[in-house]
Amino acid sequence: MDHSGLQPSPAPSARGRRLLRLVPAVASALCGVLLYVSFPPRPLWWLALPAFAGFAWVLRGRTWKAAFGLGYLFGLGFLLPLLVWTGVEVGPGPWLALVAIEAVFVGLVGVGVAALAKLPAWPVWAAAVWIAGEAARARVPFRGFPWGKIAFGQADGVFLPLAAVGGTPVLGFAVVLCGFGLHEAGRLIAERRRTRTLRRGAAAVALLSVAVPVAGAVAARPLVSDKAEAGTATVAVIQGNVPRAGLEFSAQRRAVLDYHARETLKLAADIKAGKVAKPDYVLWPENSSDIDPFTNSDAAAVIDGAARAVGVPVSVGGVVERGGRLLNEQILWDPAKGPTQTYDKRQVQPFGEYLPLRGLVGAINQNWTSMVRQDFSRGSKPGVFDIDGAKVGLATCYEAAFDWAVRDTVTHGAEMISVPSNNATFDRSEMTYQQLAMSRIRAVEHSRTVTVPVTSGVSAIIMPDGKITQKTGMFVPAYLVQKVPLRMSQTPATKLGILPEIALVLVAAGGLGWAIGSGIRARRPGDA
């Protein structure tokens, strides 16, 4: 008989045990949502740190099957809200399919993180595994989809200068490492309270995992500069806006062209009136002329009239057909000579500009195939326009998400970068803000001014330090004019290119090899 007066704690009911088993799953999904909230348009970049700390907590001690499931839920929590804009025009089917596929990569990362959790310095190996997962996502399937790289959520964060050190892989690695380091620090604090002992080696790893990324970002600040190295240029960005409804397809296309010409004529009038400085060149967005000006004399006349009125070259986003190939093309239109230089978009968007698996997609929903009647072809050369001695690199819309597509404009001489885009299809969704943040990262990564002319907004001018100096609203006609620095020097990120990413993938592979080898040895008889 118990004479202590204390009643034993009742055993949890079967329902209670089931609910307890759901805690890790719910926590993992919520950590994914927390990571999403850290992304633009919210300037809450620091929420990525507790998101990864929580992700590490739910994965510790899990079997590989449980780790995959928890990682998959983390991916769903993150990517479902982040990519909801992909279903704005065509409904939820493609959005859900895209997220279901992309979350598989996050599930596999979860398996890797769980396997590494018992290694010394595990936050380093685990953060490298996350970057390896991003590297895979950026390449497969269908030439990759890098949207949602951790670096793209850090445009307002303290880690931003690291983009100039090693690009998006190093910036993302620092954020993830810091989050995992916070988890390790919290775990060691809890362990010390229980045991009254502190494992000094593990404590040093936790401290360094948090301190080194922050110190590295502070040390990298001198790499971020707005100083002009090749003079300056006065640039104009045109946002013509788009008609919202009530026009059939060909009339829509003509209206978009007319709107951009009209806003350019307004700029020309304001220049003549002395209200704004005359630019050295004018940048129109992607798809500002979906009517081919090489085969349609009316479209050519509209563009030519706008260029003559403003008196400087205009970069026009056109859809052209040449040699049986449909091209998303930037055309430099000189007021005296007409079209002089072109750039064909190289990274075309699957299911937006070309349709993989057309037969299968059509069998599921015929309306989806009608969205892409003819596939766009890919260009083969980097886009750098030489405009009266100023070198302007071009990365068209979707290309801004791909490291190589922006970098090689700089390695081919670009002194500033333009990211002409067309986000009108995605209405007022967060897509335009997510893409704008990418351009801010690219500005710091390569130490270049970046302009973002968009059909419907948000258009912007971004300095080489990632700060937006001017921007428009959404679905309003507007122009921006500003003198910007032209720069020639290359950051370490530009010089190193893919090497930091390769190094981190090798670190991840080394950690996984170590973990697998340790597991095999532990299972051998007599090795316990």
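The values are calculated or read from the model by the stated rules, or taken from the named source; none is laboratory data. Note that this is a predicted model, so its numbers are computed, not measured. As a convention, Cβ positions derive from the backbone with ideal geometry for all residues, glycine included, and neighbour counts pool all protein chains shown. To get the accessible areas, we keep the full protein, side chains included, count just its heavy atoms, and leave off ligands, DNA and RNA. Shrake-Rupley method; radii C 1.70, N 1.55, O 1.52, S 1.80 Å.
Observations
- The residues of the stretch 56-75 that are buried (at least 24 other Cβ atoms within 10 Å of the Cβ) and either in a loop (DSSP other than H, G, I, E, B) or of a type in the set (A, V, I, L, M) (or both), listed by number, are ALA56, VAL58, LEU59, ALA67, LEU70, LEU73.
- Candidates VAL392, VAL384, VAL372: the one that is surrounded by 24 or more Cβ atoms within 10 Å (Cβ to Cβ), more than 20 Å from the chain's Cα centre (by Cα) and more than 21 Å from GLU501 (Cβ to Cβ) is VAL392.
- Of the residues making up the stretch 395-430, just one is open to solvent by less than 10 Å² (accessible area, probe 1.4 Å) and acidic (Asp, Glu), namely GLU399.
- Residue count for the stretch 450-502 satisfying the condition of being closer than 24 Å to ALA268 by Cβ, in contact (Cβ under 8 Å) with a residue 40 or more places away in the chain and among the hydroxyl-bearing types (Ser, Thr, Tyr): 6.
- Residue count, the stretch 288-306 (criterion: part of a helix (DSSP H, G or I) and surrounded by 24 or more Cβ atoms within 10 Å (Cβ to Cβ)): 2
- One residue alone among LEU208, LEU267 is assigned to a helix (DSSP H, G or I) and surrounded by fewer than 19 Cβ atoms within 10 Å (Cβ to Cβ), and that residue is LEU208.
- Any chance GLY359 is surrounded by fewer than 17 Cβ atoms within 10 Å (Cβ to Cβ), of a type in the set (Gly, Ala, Ser) and in contact with a helix residue (DSSP H, G or I) (Cβ under 8 Å, 6 or more places away or on another chain): no
- Filter result (under 20 Å from THR234 (Cα atoms) and in a loop (DSSP other than H, G, I, E, B)) within the stretch 459-476: SER459, MET463, PRO464, ASP465, GLY466, LYS467, THR472
- Cβ pairs under 6 Å, 6+ apart, first in the stretch 24-40 and at positive phi and open to solvent by less than 30 Å² (accessible area, probe 1.4 Å), second assigned to a helix (DSSP H, G or I) and modelled with pLDDT of 95 or more: none
- Checked against (1) closer than 20 Å to PHE39 by Cα; (2) in contact (Cβ under 8 Å) with a residue 60 or more places away in the chain; (3) crowded, with 22+ Cβ neighbours inside 10 Å, GLU134 meets all criteria but (2).
- Whichever residue in the stretch 216-235 is open to solvent by 60 Å² or more (accessible area, probe 1.4 Å) and outside any loop (DSSP other than H, G, I, E, B) and, among such residues, is farthest from SER489 (Cα to Cα): VAL218
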